[in-house]
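S.K.: Once you've had a glance at the structure underneath, I'll fire off some questions.
The values are calculated or read from the model by the stated rules, or taken from the named source; none is laboratory data. The structure displayed is predicted, hence computed values, not measured ones. Positions of Cβ are backbone-derived with ideal geometry, glycine not excepted, and every protein chain shown enters the neighbour counts.
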């Protein structure tokens, strides 16, 4: 299972990447896409929505089942990947390239509190 | 791999959606050996099945011909759905669902009474379903001796809405037959594709779209009940006295918004209903469903389906959704 060293992870199988502009990209892990099966539908949060850490804010749905995606940290949604909605299968092909939404982290939201690659790998692979 | 009716079965061999498309466009093979073949033999076989089944095996005249039927309880509820094949005048073969195989056998033994028939479960047989527009060609190329009718029973049936065949052969020979089909370019397909294919084809799944609490008139199977003449079959009297509480129709989620799933509540202009099977249609690239709706509801009307607290707009259609590679709704 692919778990890139450069990302942070949650116990609910989201990955988080810090972008150059300070925003955080959020997606689902290789493990998550593999367990869900082929994805066919996405529901993404609107830009401007304020999220609490752990809040259910997106839905990824495969031929098998629907699954919630949770905000890894508190923050405001600044972008959602509309193009991905046309091609949810990209989440299976390239789970770490296919981001779902970007967050501007709230004051005090600490990326370092999330799991690192070693910790995520240890728990789930 | 998943557990299915006590069998360990593959959900897919890599990609459920690619397997689905392979069957619609080319050829795929399913290992359906979990289903039970049950031979009904003896001088009284035809008379026995004319009594036991809601469809009339008198329609089977040519060896190899096939008939789809419900097995009904006395109250008209559906105990199982099955395929009946004529092997020869004194021999029929039923193929029944895996989960209901043992109760079916017990039921038929009870009906058997003093009839001159023998019931023979054929767990010695494996079953492969080769399906798709190129299924017959590839089957003939891969297994010419079986295609010529030697050493296997080949039925012109399936559960996908495509052309194809189902092959019953001694279990020990199945792995080699499977490998030769794959070598001829037939794609191995799992339970996932089997479910989306049958759903697009508007074919019921036992235990989901119908069960002992539902009659054939309530799940789109009126055409399988042979009422002509005075044939006395199990469930006939009750069926004629029972009012259909709902009908089976299809739903297409036109505007997206999610994937319909069984148990989703439905509201129509004529009252409420419920989704019995729902999934994503790889052919239509939309979510589709089979649903129980009030008797007054009809195709071309709209309905609202409740999904994760939202109400989504759906179009009511008459299944099948897809047959022979073509979208019909």
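S.K.: If I filter segment B:254-278 down to residues being crowded, with 21+ Cβ neighbours inside 10 Å and within 12 Å of another protein chain (Cβ to nearest Cβ), which single residue comes out as nearest to residue B:206 (Cα to Cα)?
M.R.: That would be B:278.
S.K.: Any residue in segment B:181-189 that is assigned to a helix (DSSP H, G or I), over 22 Å from residue B:36 (Cβ atoms) and out of contact with any strand residue (DSSP E or B) (no Cβ under 9 Å at 6 or more places or on another chain)?
M.R.: Yes, because at least one residue in segment B:181-189 is assigned to a helix (DSSP H, G or I), over 22 Å from residue B:36 (Cβ atoms) and out of contact with any strand residue (DSSP E or B) (no Cβ under 9 Å at 6 or more places or on another chain).
S.K.: For segment B:59-82, name all the residues that are over 20 Å from residue B:204 (Cβ atoms) and free of Cβ contacts under 8 Å to residues at least 24 places away in the same chain.
M.R.: B:65
S.K.: Also, quick follow-up: Any idea which residue in segment B:285-304 is nearest to residue B:244 (Cα to Cα), counting only those that are within 14 Å of chain A (Cβ to nearest Cβ) and buried (at least 16 other Cβ atoms within 10 Å of the Cβ)?
M.R.: B:289
S.K.: So, one more: Please enumerate the residues belonging to segment A:69-82 that are within 29 Å of residue B:281 (Cα to Cα) and either more than 14 Å from chain B (Cβ to nearest Cβ) or in contact (Cβ under 8 Å) with a residue 40 or more places away in the chain (or both).
M.R.: If the condition is that a residue be within 29 Å of residue B:281 (Cα to Cα) and either more than 14 Å from chain B (Cβ to nearest Cβ) or in contact (Cβ under 8 Å) with a residue 40 or more places away in the chain (or both), then A:69, A:70, A:80, A:81 are the ones that fit.
S.K.: Right, another one. Would segment A:90-110 turn up any residue that is within 14 Å of chain B (Cβ to nearest Cβ) and free of Cβ contacts under 8 Å to residues at least 40 places away in the same chain?
M.R.: yes
S.K.: Can you tell me which residue among B:177, B:183, B:147 is touching a helix residue (DSSP H, G or I) at 6+ places or on another chain (Cβ under 8 Å), surrounded by fewer than 23 Cβ atoms within 10 Å (Cβ to Cβ), at pLDDT below 95 and more than 25 Å from residue B:275 (Cβ to Cβ)?
M.R.: Of B:177, B:183, B:147, the one residue that is touching a helix residue (DSSP H, G or I) at 6+ places or on another chain (Cβ under 8 Å), surrounded by fewer than 23 Cβ atoms within 10 Å (Cβ to Cβ), at pLDDT below 95 and more than 25 Å from residue B:275 (Cβ to Cβ) is B:147.
S.K.: Can I ask one more? Can you give me the number of residues within segment B:196-224 that are in contact with a helix residue (DSSP H, G or I) (Cβ under 9 Å, 6 or more places away or on another chain), outside any loop (DSSP other than H, G, I, E, B) and surrounded by fewer than 23 Cβ atoms within 10 Å (Cβ to Cβ)?
M.R.: Qualifying residue count, segment B:196-224: 4.
S.K.: Let me ask you something else. Considering only segment A:35-68, state which residues are farther than 19 Å from residue B:253 by Cβ, within 14 Å of chain B (Cβ to nearest Cβ) and surrounded by fewer than 16 Cβ atoms within 10 Å (Cβ to Cβ).
M.R.: Within segment A:35-68, A:35, A:56, A:68 meet the criteria.
S.K.: Examine segment B:65-76 for a residue that is within 30 Å of residue B:284 (Cα to Cα), touching a helix residue (DSSP H, G or I) at 6+ places or on another chain (Cβ under 7 Å) and surrounded by fewer than 18 Cβ atoms within 10 Å (Cβ to Cβ), and state whether such a residue exists.
M.R.: Scanning segment B:65-76 turns up at least one residue that is within 30 Å of residue B:284 (Cα to Cα), touching a helix residue (DSSP H, G or I) at 6+ places or on another chain (Cβ under 7 Å) and surrounded by fewer than 18 Cβ atoms within 10 Å (Cβ to Cβ).
S.K.: Yes or no: segment B:132-150 includes at least one residue that is part of a strand (DSSP E or B), over 19 Å from the mean Cα position of the chain (by Cα) and under 25 Å from residue B:60 (Cα atoms).
M.R.: no
S.K.: Could you tell me whether segment A:11-30 includes any residue that is within 14 Å of chain B (Cβ to nearest Cβ), in contact with a helix residue (DSSP H, G or I) (Cβ under 9 Å, 6 or more places away or on another chain) and touching a residue at least 40 places away in the same chain (Cβ under 8 Å)?
M.R.: no
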